[in-house]
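What follows is a single structure, written as structure tokens, with notes after it.
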Amino acid sequence: MKHSIIKKIGIIIFSYILIICVAFYFCDSIKENPTVRYSLKSISAGLDYEQRMFKGHSGKKSVERITKPFLTKKDLDKIDLKNVNKLMIVAHPDDETLWGGVHLIKDNYLVLCLTNGKATGNVRYDEINKVLNKTHDKGIILSYPDAYKLERVDWGKAGFIPYITEDIKTVLTYKKWDEIVTHNPEGEYGHIHHIYTNNITTKVYKKYINKNNLYYFTRYYKKGDLFKVEDKLKKLPQAEVDEKMDLLDLYASQPGAFVKYGQMIKYEKFINAKDFKNSI
């Protein structure tokens, strides 16, 4: 048994060393390679998560935490939204940064996050709070379920769609937003919560607003498919990529996600909803 454990540890260490060697061969800096950067961070992420699980949030409070149904106008009145004219609606903490981090840095957003990522919630709440502190944006994090007993919760089958619809309606109709952005119809990489978030937001938007200011996160490409369209995609300037990755670093519990989807970090773009179908 002991020999088996040592062997597994050895394989893991060898895998990370191999990743680093490959990265050094293909690029000049680990910092510029998300796969390596977040593979390294994932080594200690599990232990770090356990240590922070039951701690309160740190720093200035930028995110309102709503644990009761429904979100109300009074909840929104508590947040200073005088100079906030853009709204971002996401399924999980980290989605706002992975798909829209540079936009958060540049403009003033209210971020509505539907789940807190885990049943305990403290870690992910603390992380999104740190991000929005750094970008000087506002946030609301709700408590719809992400996973239960290691299985992703299907909001439709669980009966949460009417509740989520009401909460999104409350925020969408609270004020006149210059821009509203959410997950794309494909759920980026097919995440069911992203698809639900898109479907609900789009439906409520068309019913109550229906102008020309609804945007979706950029179309997603797997690592193996990206090369087919890479020359047609516009990259962020490296300085902005660095800033964005500094924000992603604040999600210490999520490096695995950034290893999987990190190839899209430098291709951040918002696409008008009416143009998404024909976009690249």
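The values are calculated or read from the model by the stated rules, or taken from the named source; none is laboratory data. Treat the numbers as computed from the prediction; the structure is a model and nothing was measured. Note that each Cβ is placed from the backbone with ideal geometry, even for glycine, and that neighbours are counted across all protein chains shown.
Overview of results
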{"read-out": "Members of the stretch 152-176 that are surrounded by 21 or more Cβ atoms within 10 Å (Cβ to Cβ) and either of a type in the set (D, E) or not in a helix (DSSP H, G or I) (or both)", "value": "D167"}
{"read-out": "Enumeration of residues in the stretch 124-162 that are at pLDDT 95 or above and of a type in the set (S, T, Y)", "value": "T135"}
{"read-out": "Leading residue by the ranking (surrounded by the most Cβ atoms within 10 Å (Cβ to Cβ)) among those in the stretch 140-151 that are farther than 21 Å from K74 by Cβ and among the hydrophobic types (A, V, I, L, M, F, W, C)", "value": "A147"}
{"read-out": "Only one of S253, S279 that is within 26 Å of I105 (Cβ to Cβ) and out of contact with any strand residue (DSSP E or B) (no Cβ under 7 Å at 6 or more places or on another chain)", "value": "S253"}
{"read-out": "Residues being assigned to a helix (DSSP H, G or I), touching a residue at least 12 places away in the same chain (Cβ under 8 Å) and farther than 15 Å from Y221 by Cα - total across the stretch 247-278", "value": "6"}
{"read-out": "Options D107, D137; residue that is among the charged types (D, E, K, R), surrounded by 15 or more Cβ atoms within 10 Å (Cβ to Cβ), in contact with a strand residue (DSSP E or B) (Cβ under 8 Å, 6 or more places away or on another chain) and more than 19 Å from T197 (Cβ to Cβ)", "value": "D107"}
{"read-out": "Every residue from the stretch 217-234 that is surrounded by 13 or more Cβ atoms within 10 Å (Cβ to Cβ) and over 18 Å from G190 (Cβ atoms)", "value": "L233"}
{"read-out": "Qualifying residues in the stretch 258-267 (those that are aliphatic (A, V, I, L, M) and under 13 Å from the mean Cα position of the chain (by Cα)) - the one surrounded by the fewest Cβ atoms within 10 Å (Cβ to Cβ)", "value": "I265"}
{"read-out": "The stretch 227-249, residues that are among the basic types (K, R) and under 16 Å from the mean Cα position of the chain (by Cα)", "value": "K244"}
{"read-out": "All positions within the stretch 154-195 that are free of Cβ contacts under 8 Å to residues at least 24 places away in the same chain, among the hydrophobic types (A, V, I, L, M, F, W, C) and either more than 23 Å from T97 (Cα to Cα) or in contact with an Asp or Glu (Cβ under 7 Å, 6 or more places away or on another chain) (or both)", "value": "A158, F160"}
{"read-out": "Within the stretch 177-196, considering residues that are in a helix (DSSP H, G or I) and β-branched (V, I, T), the one surrounded by the fewest Cβ atoms within 10 Å (Cβ to Cβ)", "value": "I192"}
{"read-out": "Some residue of the stretch 208-216 being among the basic types (K, R) and surrounded by 12 or more Cβ atoms within 10 Å (Cβ to Cβ)", "value": "no"}
{"read-out": "Whichever residue in the stretch 66-104 is under 15 Å from D137 (Cα atoms) and among the basic types (K, R) and, among such residues, is modelled with the highest pLDDT", "value": "K86"}
{"read-out": "Residue match in the stretch 210-225 (condition: among the aromatic types (F, W, Y), over 19 Å from L71 (Cα atoms), assigned to a loop (DSSP other than H, G, I, E, B) and free of Cβ contacts under 8 Å to residues at least 60 places away in the same chain)", "value": "yes"}
{"read-out": "Single residue of P255, P237 found to be over 19 Å from M88 (Cα atoms) and loosely packed, with under 12 Cβ neighbours inside 10 Å", "value": "P237"}
{"read-out": "Sole exception among (1) part of a helix (DSSP H, G or I); (2) of a type outside the set (S, T, N, Q); (3) more than 26 Å from L132 (Cβ to Cβ) for K228, by number", "value": "(1)"}
